[in-house]
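Asker: Input: one structure, supplied below.
The values are calculated or read from the model by the stated rules, or taken from the named source; none is laboratory data. This is a predicted model, so every value here is computed, not measured. Cβ coordinates were reconstructed from backbone atoms using ideal geometry, including for glycine residues, and neighbour counts include every protein chain displayed. Accessible surface is based on the protein model in full, side chains and every heavy atom, while ligands, DNA and RNA are left aside. Shrake-Rupley method; radii C 1.70, N 1.55, O 1.52, S 1.80 Å.
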Amino acid sequence: MKRLLVLFIFSFSIFSALSQSSSRSYPLNFGIWSCYNGNFVSENLKFYSLTDLLVGSASQDKFGSGWGFGGIINVPIFKNFAFSGRLGFNAFSSNLNFILYDYNNGSYLIYVDALKISLSYLEITPSIQFFPMIRKFENLHLIGGLEIGSFITKDFTNLQGITQELQTVKTRLAVVLGAGYIIPLSQNVYLTPEISYRLPLTKVYDDTFTNVDGYHTEALSFSQLRFGLNLTFSISKGSSPKQPELYPAEVGFKEVVTLDKDNKLAPVTQIKVEDIRYQEYFPIVPYIFFEENSSTLLPETQVLSTFAETGEFNPQALPFDALEINRRTLDIVGWRMKNNPQSDLTVTGTIDNSVREKENKQLALERANFVKNYLTKYWNINPQRINTRTTGLPSKPSTSSVPEGVAENRRAELSSSNPVILAPLLIEGDNQRFAEPWQIQFVPYANVYDSFAFWEIDVYQGDNLLKRINGSGQPQILNWTIKPNELMASNVPVDYSLIVETLGGKRYTAKGSIPTEYISQRRKKTEDRPDQTITKFSLVLFDFDKADVSPQDQEIINRLIIPAIKFNSTVKIYGYTDRIGDDEYNLKLATRRAEAVKSIIQKARKDVKIEIYGVGERQLLFDNETPTGRHLSRTVQVIIVTPK
């Protein structure tokens, strides 16, 4: 008891040192409480002869469960303290088993298993709630008080199997120590889970029974571990006054950054938008992804066309967006197969190698046949030109240690003897508006002392919503890759905002703005500014956790990238990864990928100026929630800037 009291005083002192002198933000509230009890019952028996000689004894600690309910009121008093009063009912029962020890013979003689207690009592528990106001845990409170119980039922089945009422039972006293956490459900409704321990100061009973052989004493007490849940309500008259907060809310953007020439994250002070001749090669991810243990397409990974739509489909009309282009992989392949009638296609169905998918013997074939049936039905491709085959895991699988990697292995793989079928897609145009920087990262922060209900980050230019992400919990980083023509042909700034809402109904907003400078072709001529052509290649897609350039990608570099480099070009190589794995490891992996591509280019063009940037997952290129986005992120982007 003394040690427990010292521990409580020490803990109380530590939390007091962390607390601030501020009033609670919760008004007087009242409601109901309920609990589940774990009761640790201690029973002790001693048998004496008529000559007061101890002839046998038994003791037993036994667990019994119970329940309770009642009413509660919480009244703020001063600083970080509140008074809490409870009135309620508690009940539990427990069986006790004994082995009696014979002191004369020094042996265990009798096994008794017929002892049972059933108790119920009314309790009054005055206590003090202390809110230590620990940063980010404002709703946590400690509880200290006294439980006072008056027994209603007190049945005890003794050694003779007779159930009787324990006459000596009067009042239960117990020290209450615990903790709770208030969860505001609305402005006036609170849900509070609690845990408390009740250390008894009195015994339930302590009595002596006599018979012709002698007499025995019986004593019983119990401690209690209680798991409770309170639902309380406060009454507000009209509009509630704004409660003072312990700390001012801190909501905003830690930084808005991009990669500078030294491959470091630097603040974005301006976005320059320039009319240029722009062309970009987009890779085609040769995989079609499916749901778990199914031949149904994974949602959001592919857009399927109707008969009428396939007749009007033209890959050149697709937007400058790698994700959107790869959502039309089946139509791009169908269009190319139709325009290259001698080409073949092999579709390989795979599984993730889990027990469920292994047991589905036809699953891999069904996935391959889904692709074949779509191309034959909607693109009228001769079935004999499409070969299907199956395997277990893909030949180059993603990691099976995380769910994202497992999902990537549920796919159908496309290959063809004609490289045109899966070749990168070139989209180009004159007077495309290209932004510099073209990748911006918004890093938010939100230090509010309540649970988050919702947050949202928006990026606007004028009335045009450019990018939005939202969710619950802590706000996440927004990575924005600015596509050609996404920004206006004007100097209207880019505005961004963070909105945070708490479960308590509070709303916080932070805003910022980035100035833009638009440089049109007319302005270039008027101001005699140099014009330029930008060609962007996102062609080299790496296998998971690899930095080796495949023979196919080396051929793409030699056939497409190197011929586009002029004597006065500047080549910028950016290495990327997906989000799987450690940040630092991914940064090194991304740099190795960029170095590998640089090495190939330098062998052919020793005189060219090459800059490399290891980005890793610091700025994710694409949404990594989908397998396609993660595959597209395992890349090296090569940007060739050539002045005219």
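Asker: With the cut-off at 24 Å, tell me which of the pairs Lys358/Lys588; Lys338/Lys372; Lys338/Lys483; Lys272/Lys588; Lys483/Lys572; Lys467/Lys546 have Cα atoms farther apart than that. Intermediate results must be reported in sequence, preceding the final value.
Answerer: On the way: Lys358/Lys588 36 Å; Lys338/Lys372 14 Å; Lys338/Lys483 30 Å; Lys272/Lys588 30 Å; Lys483/Lys572 17 Å; Lys467/Lys546 31 Å.
Pairs exceeding 24 Å: Lys358/Lys588; Lys338/Lys483; Lys272/Lys588; Lys467/Lys546.
Asker: Counting heavy atoms of the protein chains only and a 1.4 Å probe, report the per residue accessible area for the range 504-644 as a whole number of Å². Present the calculation step by step, with values, prior to reporting the outcome.
Answerer: Values: 6530 Å² over 141 residues.
Per-residue accessible area for the range 504-644 comes out at 46 Å².
Asker: Sticking with this structure for a sec: Straight-line reach from Lys603: which aspartates and glutamates have Cα under 20 Å away, leaving out those fewer than 8 places along the same chain?
Answerer: Answer for Lys603, where 20 Å is the Cα cut-off: Asp548, Asp553, Glu555, Glu595, Glu611, listed by chain and number.
Asker: Residue by residue through the range 580-589, what is 3J(HN,Hα) from phi via Karplus (6.51 cos²θ - 1.76 cosθ + 1.60, θ = phi - 60°)? Round to whole Hz and write x for glycine and proline.
Answerer: Coupling constants for the range 580-589: 6, x, 6, 4, 5, 4, 5, 5, 5, 5 Hz.
Asker: Compute, for the range 541-644, the length of the dipole vector about the Cα centre, with Cβ point charges of +1 (Lys, Arg) and -1 (Asp, Glu) only. Units Debye, rounded to 20. Present the calculation step by step, with values, prior to reporting the outcome.
Answerer: Details: 17 positive and 15 negative charges, 144 e Å.
Dipole size: approximately 700 debye.
Asker: Moving to a separate point now. Over the range 425-567, what number does the Rg to Rh ratio reach, with both radii from the alpha-carbon atoms and Rh per Kirkwood?
Answerer: Working: Rg = 20.7 Å, Rh = 18.9 Å.
Taking Rh as the inverse mean 1/r over Cα pairs, Rg/Rh reads 1.09.
Asker: Using 0.36 nm times the number of residues separating Thr509 and Glu366, minus their current alpha carbon distance, what extension gain do you get? If you can, show how the numbers build up before the last one.
Answerer: Details: separation 143, 0.36 × 143 = 51.48 nm, distance 4.99 nm.
Answer, rounded to one decimal: 46.5 nm.
Asker: What do you get for Rg/Rh over the range 585-644 if you use C-alpha atoms and the Kirkwood form of Rh?
Answerer: Working: Rg = 13.4 Å, Rh = 12.9 Å.
We get a ratio of 1.04 for the range 585-644.
Asker: Tell me, what is the Rg over Rh of the range 232-380, with Rh the Kirkwood radius over Cα pairs?
Answerer: On the way: Rg = 25.7 Å, Rh = 21.0 Å.
Dividing the radius of gyration by the Kirkwood radius yields 1.23.
Asker: A follow-up question, please. Of Ser343, Asn326, Tyr287, which is farthest along the charge dipole of the range 287-407 in the positive direction, counting Lys and Arg as +1 and Asp and Glu as -1 at C-beta?
Answerer: Farthest towards the positive pole: Ser343.
Asker: Looking at the range 501-586, which chymotrypsin sites (Phe, Trp or Tyr not before Pro) are in a loop (DSSP not H, G, I, E or B) and have at most 14 other Cβ atoms within 10 Å?
Answerer: Values: sites: Tyr508, Tyr518, Phe537, Phe542, Phe544, Phe567, Tyr574, Tyr576, Tyr585; in loops: Phe542, Phe544, Phe567.
Within the range 501-586, the qualifying chymotrypsin sites (Phe, Trp or Tyr not before Pro) (loop, at most 14 other Cβ atoms within 10 Å) are Phe567.
Asker: Dimensions of the range 373-450 along principal axes (Cα, Å, largest first)?
Answerer: Principal-axis extents of the Cα atoms in the range 373-450, largest first: 63, 46, 24 Å.
Asker: While we're here: When the distances between all Cα atoms of the range 352-394 are binned every 10 Å from zero, what whole-number percent does each bin get?
Answerer: In whole percents, the pair-distance histogram is 27, 44, 23, 6.
Asker: Would you work out if the range 535-631 is rounded, prolate or oblate? Take a ≥ b ≥ c from the square roots of the eigenvalues of the alpha-carbon gyration tensor; rounded if a/c is under 1.5, else prolate when a/b is larger than b/c, oblate otherwise. Please report the intermediate quantities before stating the final value.
Answerer: On the way: a/c = 2.02, a/b = 1.77, b/c = 1.14.
The shape class here is prolate.
Asker: What is the packing order of peptides 252-259, 318-325, taking the mean over residues of other C-beta atoms within 10 Å and listing the highest first? Don't skip to the answer; put the middle values down first.
Answerer: Details: 252-259: 17.0, 318-325: 18.8.
Those peptides, ordered most packed to least, come out 318-325, 252-259.
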